[in-house]
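Colleague: I'd like to ask some things about the structure below.
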Amino acid sequence: MPIYTLILAICFSVNAFAGDGHDHEHRHHDAHEHGVGEFNLATDGQKLIIEIELPAHDVVGFEHEARTKEQKSAVNAAVEKLKIAGQNVSIPSRANCKADAAAKVESGLIKNDKGHEHHVDGHHDDGHHDHDHKGHHDEDHASGEGHSEFSIQYSYKCSDIDKLTQVEVPMFKNFSRMKKLKVQALTASGSVSVVLTPKQSVINLGQ
Ligand SMILES: [Zn+2]
């Protein structure tokens, strides 16, 4: 079933970010484009999983580690906002979806208790080349700062999932630097691939 492929892909990407922990000039994921996030939606039976990855730039305006009090509180405020699924993703009530787990929000901008650590060489032989700055000439990065993302996961159980004909994404209103969201959706009625913008923020799932 393709659904599992998507879920695996989602899990893999979540783990990739979770394992990063902090941003570092040599840590590049697939270099993202500022203003462009990714939104993956998948259903499996009554389960609905939504995974969103946003450049940290789009969320808080910077991608380096939060150092000042202001930066840390900006990150914390953004995390709190992202945890309120209903403000970021709007699911039609007729589908009767209820959150079946707390929203997961991760970012590498605030370190947890580990403090500053340096990467061992093993991180660099995974096929990613250093300084993978394709098309990125953002001034934010000229100083050698790497990219960093926010990773968000919402999961639901929907008793009328066949009525899940569309999902609206009002999160553009919460984060004004977001310009595009690349959506990949996979439901019982097929797959949908669409790019959302602040003016067109509805995913039609084709049921
Ligand atoms: Zn970036």
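Since every read-out is calculated from the coordinates, none of them should be taken as a lab result. Remember, it's a predicted structure, so these values are computed and weren't measured experimentally. Heads up, the Cβs are rebuilt from the backbone with ideal geometry, glycines too, and the neighbour counts pull from every protein chain shown.
Colleague: Residue 93: net charge of surrounding residues, Cβ under 14 Å, Lys/Arg +1, Asp/Glu -1, itself excluded?
Modeller: +1
Colleague: Moving to a separate point now. Given a Förster radius of 35 Å and the C-beta distance between residue 200 and residue 67 as r, what FRET efficiency does 1/(1 + (r/R0)^6) yield to the nearest 0.05?
Modeller: Calculated transfer efficiency: 0.40.
Colleague: Excluding residue 84 itself, what net charge comes from residues whose Cβ is under 14 Å from its Cβ, given Lys and Arg +1 and Asp and Glu -1?
Modeller: Neighbourhood net charge equals +3.
Colleague: Related question: Can you pick out the pairs among 104/173; 72/98; 69/104; 104/180; 81/157 whose Cα atoms lie more than 28 Å from each other?
Modeller: Among 104/173; 72/98; 69/104; 104/180; 81/157, the Cα-Cα distance tops 28 Å for 72/98.
Colleague: Counting only residues 5 or more places away or on other chains, whose amide H sits under 5 Å from the amide H of residue 90 once H atoms are built in the peptide plane?
Modeller: Residues meeting the criterion, in which the H sits 1.01 Å from N, are 168, 169.
Colleague: How large is ³J(HN,Hα), in whole Hz, for each residue of the range 175-182 in order, when computed from phi with the Karplus curve 6.51 cos²θ - 1.76 cosθ + 1.60 and θ = phi - 60°, using x for Gly and Pro?
Modeller: For the range 175-182, the Karplus curve yields 10, 5, 7, 6, 10, 8, 10, 8 Hz.
Colleague: Another question about this same structure. Would you kindly give the portion of the calculated P(r) for the range 28-83 that falls above 16 Å, as a percent of all Cα pairs?
Modeller: So the pairs more than 16 Å apart make up 55 percent of the total in the range 28-83.
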